[in-house]
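A.B. asks: Starting off with a structure, shown below.
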Amino acid sequence: ALKAACELKQIFMALTWTPVLRATAVIGITWITLKPLGAMALPIGLVSGESIQFAFWFLLLWRKGIQPIPNLKLPPQMLKLSKHVIWLLGGEALVAFNIVVDKIFASRLDEGAVSILEYADRARVIPQTLLHASS
């Protein structure tokens, strides 16, 4: 959102420096933290690079006289809609969680059972696919 706001305010020349700024920060911070943190240096470097880029965009807008402070008050229509969206998100979370339950169940079975379950899952889809293709 901050990058789009910078583009709307025609801050194009300064925006061209953001990939250089981010990459330099990622490389530098990863290099500095590699020895003390080991494998955690790369995620910390990546997050730091993105954070520095975010701060740079924020600073560019601030210098243009725009204070990009979000207004977190929701209008009444959004509150009414959110009651319905919660149920949708809950259902989608349960569908996504289904694969975790399948894998936990399959991990308790004998050797080769996971392959059989995956084959059965694919075989279950074949009649449905044929039905959709023929209609």
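The values are calculated or read from the model by the stated rules, or taken from the named source; none is laboratory data. Predicted model only: the values in this text are computed from it and were never measured. All Cβ positions, even for glycine, are placed from backbone atoms using ideal geometry, and neighbour counts span all protein chains on display. Calculation scope for accessible area: heavy atoms of the full protein, side chains included, ligands and nucleic acids excluded. Shrake-Rupley method; radii C 1.70, N 1.55, O 1.52, S 1.80 Å.
A.B. asks: Among (1) more than 23 Å from the chain's Cα centre (by Cα); (2) at pLDDT below 80; (3) closer than 30 Å to L8 by Cα, there is one condition A113 misses while meeting the rest; what is its number?
C.D. replies: (3) is the only condition that A113 fails.
A.B. asks: Right, something else. Going by the conditions given, is Q67 under 30 Å from the mean Cα position of the chain (by Cα), closer than 30 Å to L15 by Cβ and modelled with pLDDT of 80 or more?
C.D. replies: Against the criterion (under 30 Å from the mean Cα position of the chain (by Cα), closer than 30 Å to L15 by Cβ and modelled with pLDDT of 80 or more), Q67 does not qualify.
A.B. asks: Looking only at the stretch 2-35, count how many residues are assigned to a helix (DSSP H, G or I), farther than 15 Å from E50 by Cβ and either touching a Pro at 6+ places or on another chain (Cβ under 8 Å) or open to solvent by 30 Å² or more (accessible area, probe 1.4 Å) (or both).
C.D. replies: Qualifying residue count for the region: 10.
A.B. asks: Could you please tell me which pairs satisfy a Cβ distance under 7 Å, a separation of 6+ or placement on different chains, a first residue in the stretch 1-17 that is closer than 16 Å to P68 by Cα and modelled with pLDDT under 75, and a second residue that is open to solvent by 100 Å² or more (accessible area, probe 1.4 Å) and of a type in the set (F, W, Y)?
C.D. replies: Once the first residue is closer than 16 Å to P68 by Cα and modelled with pLDDT under 75 and sits in the stretch 1-17, its partners that are open to solvent by 100 Å² or more (accessible area, probe 1.4 Å) and of a type in the set (F, W, Y) give L2/F54.
A.B. asks: May I pose another question? From the list I86, I66, I104, exactly one residue is closer than 29 Å to A4 by Cα, β-branched (V, I, T) and open to solvent by less than 100 Å² (accessible area, probe 1.4 Å). Which is it?
C.D. replies: Matching residue, one of I86, I66, I104: I66.
The rows are residues; the columns are (1) in a helix (DSSP H, G or I); (2) under 28 Å from M13 (Cα atoms).
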| residue | (1), (2) |
| --- | --- |
| L37 | yes, no |
| E50 | yes, yes |
| L59 | yes, yes |
| L74 | no, no |
| L89 | yes, no |
| E92 | yes, no |
| L130 | yes, no |
